[in-house]
Amino acid sequence: QKFNMSNNTVDDKTLLGDYEEKPDIWASAAHNKIPDDAWEYQIRKSLNDAAYNGLDYVPYCSTMPVQENAEEGVKFMWKKKGAK
């Protein structure tokens, strides 16, 4: 793709250099399972409450830079079901 910046045409390589797309915070942690000691999740699941029914409890990588297959720094959060 080409960008026109005040009559100077610049291509992606010039703007991004050697940038490589890295995994996002969700994909890098997706393989992690909800731990047994995730008390908030376990309580909401047992109560079958609105958060449990309307949201997904998903892992994410909390480290920067994002790790390829995050094992450390993985945390969980509630996210709207079906949201990307």
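Things worth noting here:
- Near CYS61, once Lys and Arg are set to +1 and Asp and Glu to -1 for all other residues with Cβ below 12 Å from its Cβ, the sum equals -2.
- On region 17-84, 52 percent of the accessible area sits on carbon and sulfur atoms, based on a 1.4 Å probe.
The values are calculated or read from the model by the stated rules, or taken from the named source; none is laboratory data. In this text, all values refer to a predicted model and were calculated from it rather than measured experimentally. Glycine also receives a Cβ, built like all others from the backbone with ideal geometry; neighbour counts cover every protein chain displayed. Keep in mind that these areas ignore ligands, DNA and RNA; they rest on the heavy atoms of the full protein, side chains included. Shrake-Rupley method; radii C 1.70, N 1.55, O 1.52, S 1.80 Å.
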